[in-house]
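Read through the structure below, which is laid out as structure tokens, and then see the notes.
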Amino acid sequence: MQTIWLSGAEWLAVLRIGLGLWWLESWRHKDKKGWFERGTGIAWAADVADKHRWTFVKGGFDLVVAPRPKAMAYIVVYAELALGLGLVLGFLTPVALIGGLLLNLLYLVLMIHDWAEQGQNAMMALISLVALLAMSWQAWSLDATIGLFL
């Protein structure tokens, strides 16, 4: 593979790190006090699920999220932080990429009515898939340094 400036593996690392920075920005801009103390994030998601055109979304939300709103708020917020750090540092990269892909697909299904949100989640899911299948942890990663996932 011929590329300009960096090797193919290094360009994939740039893509992986950029995706990680995107997750970190998603974590950074969240109103954590609102999510953790007032339950705003889960309340918003409950409202979206309640009005969703697909009944399985409301059913799944009522089964998994509604009984444990505080725990789910922490899981969502800190999952975004963990994904960002994992991808930027290249640590447990395949796990972070699969986790991010699943979270983006979950967001994509939940936000099926919001086209602005759809574009972001679709792009993040696509980058996750490419970075996973192209093994983007081969350069500039802790995984490569310690010999994981070779």
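Observations on the structure shown:
- Failed criterion for residue 5 (all others in (1) in contact (Cβ under 8 Å) with a residue 40 or more places away in the chain; (2) open to solvent by 30 Å² or more (accessible area, probe 1.4 Å) hold): (1)
- Residue within region 63-74 that is hydroxyl-bearing (Ser, Thr, Tyr), within 22 Å of residue 122 (Cα to Cα) and open to solvent by 40 Å² or more (accessible area, probe 1.4 Å) present: no
- Residue satisfying condition, being under 15 Å from residue 111 (Cβ atoms), over 21 Å from the mean Cα position of the chain (by Cα) and assigned to a helix (DSSP H, G or I), within set 62, 47: 47
- When residues of region 20-34 are limited to those that are under 15 Å from residue 103 (Cβ atoms) and not hydroxyl-bearing (Ser, Thr, Tyr), the one surrounded by the most Cβ atoms within 10 Å (Cβ to Cβ): 23
- Yes/no for residue 87 being among the aliphatic types (A, V, I, L, M), open to solvent by less than 90 Å² (accessible area, probe 1.4 Å), modelled with pLDDT of 95 or more and assigned to a helix (DSSP H, G or I): yes
- Qualifying residues in region 90-102 (those that are open to solvent by less than 30 Å² (accessible area, probe 1.4 Å) and either among the aliphatic types (A, V, I, L, M) or assigned to a loop (DSSP other than H, G, I, E, B) (or both)) - the one farthest from residue 27 (Cα to Cα): 90
- Contact map, region 26-47: first residue under 23 Å from residue 62 (Cβ atoms) and of a type in the set (Ser, Thr, Tyr), second residue open to solvent by less than 70 Å² (accessible area, probe 1.4 Å) and assigned to a helix (DSSP H, G or I), Cβ cut-off under 8 Å, separation 6 or more or different chains; pairs are 40/34.
The values are calculated or read from the model by the stated rules, or taken from the named source; none is laboratory data. Since the model is a prediction, treat every value here as computed from it, not as a measurement. When we count neighbours, we look across all protein chains shown, and the Cβ atoms used for this are built from the backbone with ideal geometry, even at glycine. Areas reflect the complete protein model, heavy atoms only, side chains present, ligands, DNA and RNA absent. Shrake-Rupley method; radii C 1.70, N 1.55, O 1.52, S 1.80 Å.
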